[in-house]
1. Would you point out the residue of region 427-455, among those that are within 56 Å of the chain's Cα centre (by Cα) and away from ligand 1 (no atom under 16 Å from the Cβ), that is surrounded by the fewest Cβ atoms within 10 Å (Cβ to Cβ)?
2. Tally time: how many residues in region 306-331 are within 29 Å of T342 (Cβ to Cβ), within 12 Å of ligand 1 (Cβ to nearest atom) and either modelled with pLDDT under 90 or open to solvent by 30 Å² or more (accessible area, probe 1.4 Å) (or both)?
3. Quick one: in region 347-397, which of the residues that are surrounded by fewer than 16 Cβ atoms within 10 Å (Cβ to Cβ) and either closer than 16 Å to K410 by Cβ or acidic (D, E) (or both) is farthest from ligand 2 (Cβ to nearest atom)?
4. Which numbered condition trips up P276, out of (1) away from ligand 2 (no atom under 16 Å from the Cβ); (2) at negative phi; (3) in contact with a Ser or Thr (Cβ under 6 Å, 6 or more places away or on another chain)?
5. Could you give every pair whose Cβ atoms fall below 9 Å, whose first residue belongs to region 194-210 and is among the acidic types (D, E), and whose second residue is part of a strand (DSSP E or B) and surrounded by 17 or more Cβ atoms within 10 Å (Cβ to Cβ), counting only separations of at least 6 or pairs across chains?
6. Give all pairs with beta carbons closer than 7 Å in which a residue from region 281-298 that is closer than 30 Å to L310 by Cβ and open to solvent by less than 40 Å² (accessible area, probe 1.4 Å) meets a residue that is small (G, A, S) and away from ligand 1 (no atom under 16 Å from the Cβ); count only pairs at least 6 apart in sequence or on separate chains.
7. Restricting attention to region 109-123, does a residue exist that is on the phi < 0 side of the Ramachandran plot and touching a Pro at 6+ places or on another chain (Cβ under 8 Å)?
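The values are calculated or read from the model by the stated rules, or taken from the named source; none is laboratory data. Remember, predicted model here, so these are calculated numbers, not experimental data. Using ideal geometry, Cβ is built from the backbone for each residue, glycine included, and neighbour counts are taken over all protein chains shown. Side chains are part of the model used for accessible areas, which takes the heavy atoms of the whole protein and leaves out ligands, DNA and RNA. Shrake-Rupley method; radii C 1.70, N 1.55, O 1.52, S 1.80 Å.
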Amino acid sequence: MPLTVKPRRKRSARIAVTLISGLLPIVLGSFILYLQAGRTLQQGSQQTAQEALQQFELMLDNTAQAARELLPLAGQTCENVKLALREQVIRRPFVRSTNLVWDNNLYCSSLFGNFKEPVNAGDYVQGRLWLMNGNPVTPNTALLVYRLSEGRGGALTTLDGYHLSNMLRLIGRQTMLRLQVGASWLSMDGRVHEGALPQIPVAQSLLDSSRYAFSVSAGFPEGETWRYMASNYPPLFSLLVFFGVVSAAIGHVLQKRSTSPSHEMLRALEANEFIPYFQPVVHGDSKKWSGAEVLMRWNHPKEGLVRPDLFIPFAEHSGLIVPMTRALMRQTAALLGPRSSTFAAPFHIGINITASHCRDLALVNDCREFLASFAPDSVSLVLELTERELIEPTEITQQLFEQLHALGVKIAIDDFGTGHSSLGYLRRFNVDFLKIDQSFVAMIGVDALSRHILDTIIELSAKLDLGIVAEGVETQAQADYLTAHNVNFLQGYLYGKPMPAADFISALSHH
Ligand code: G
Ligand code: G
Ligand code: MN
């Protein structure tokens, strides 16, 4: 029969929740660190580009200054001006060569003196700067040419690419740093490339010079963010892993700690933690064992043995009492069934039931299954219904008790005397036994009124032809009194406390 309670979460789901609570801080933290690393790299590339831009402007200032000083000499014969041209080369650290132009013709050079080469202003970006990949003197070596012109005259001063690439390397270090002039660009290895600057994969910064026609771009190669994190963030990663472990542990513990008592009890039911204890019931005259009451115990993994008064109310409230009792009956049948063929007379087995059991007919099947485990007529199953909690007579309960009766199941009213069941009630439910509450037994020889009630109950049961069980018999005096008043069955510490199955079974063979 299906449980009426929502099943507990699956083990795999619990593991998943634990994993997620552990991974969440790590993933989230790594994401934040990734963003932080990206920002740091962006700042780094911005700073590098800024620094390179400044240095290149300083070098170009130097080169431009030479051109400015030479421009007024344009038009004079090379013979007159070549010393002035060479002087600029020597005085200015970055200037490699100086040249004079007249009518778009380079006619005098610091290197060769008299010369003749056409000059095309279109080669120069904004008429000013040309990044060349070498010249006939030094082919395949970068060269930056600065052009100044006025009227028919002009001055060309060149900056050695070696200085430029050196600067790229010095400033760039781990950064990818490039200098772009028009459609050519210079890489850190000193080579000049034609075409648009390729995109830099990580943290690209592009800065245009406001004074000269060049720009600088900086950035990092693919995967730099992870490399940066791996080399700079190990302590933070350890912290994240620590948080992850703590968070997973909290998630795990919170899940293990059940949210409600019924939740915890369902877990216990699945784990078979509810076990039967047995308390013997003896014949009033011979004091031989006539049977036993099955009392539930919770064998809790942490709390140890838990008494039923502490959990039965929750079990009743959640409806779990029905599957719990079913499990208890199955265990009892498995323990005692195999020995039942040796029972001399029908052995009474008392099982406590509650109002929850009387809402449907499931109990009939449970009892049928229980009885089937025993040798025919070797046991008498007694269902004990406490008088504290009366059952409302309905169509269902009427059917239930009729079917139980047909099965041969007996009904006892437990804790009799503490509630107020009427004669009609006793008859309607076909009651077979009354179990006198232990409070009356305890008052034997102590309190006259209680004794009077006790005598009345005994008389009543005799008149109604009901069997009678006295509970809580602790002293010989109580036993003597009850036997003298013809009480059929006695139960109490005098004859045996509730005991685990192994003890009960070994004691059973002596009785
Ligand atoms: O032996 P003891 O301390 O176990 O019993 C405490 C109370 O718990 C008693 O009132 C007894 O009837 C009740 N009780 C014990 N076992 C069960 C059980 O299996 N089902 C129900 N409903 N009550 C039980
Ligand atoms: O189901 P019922 O309410 O009858 O449960 C019997 C309860 O009485 C159980 O808790 C059981 O441990 C307890 N009990 C059984 N015999 C004695 C006894 O002799 N003295 C006392 N004080 N309690 C007893
Ligand atoms: Mn009982």
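1. Going through the qualifying residues, I end up with N430.
2. 1
3. E395
4. Here P276 meets the rest and fails (1).
5. E194/S184; E194/W185; D208/S215; D208/V216
6. V281/S290; V282/S290
7. To start, the set of residues in region 109-123 that are on the phi < 0 side of the Ramachandran plot comprises 109-112, 114-123.
Those left that are additionally touching a Pro at 6+ places or on another chain (Cβ under 8 Å): none.
No, the conditions are met nowhere in region 109-123.
Conditions (1) away from ligand 3 (no atom under 13 Å from the Cβ); (2) modelled with pLDDT under 85; (3) outside the structural domain of I349 (by TED's automatic domain parsing), marked per residue:
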residue	(1), (2), (3)
I413	no, no, no
G417	yes, no, no
S421	yes, yes, no
N430	yes, no, no
K435	no, no, no
F440	yes, no, no
G445	yes, yes, no
S450	yes, yes, no
D455	yes, no, no
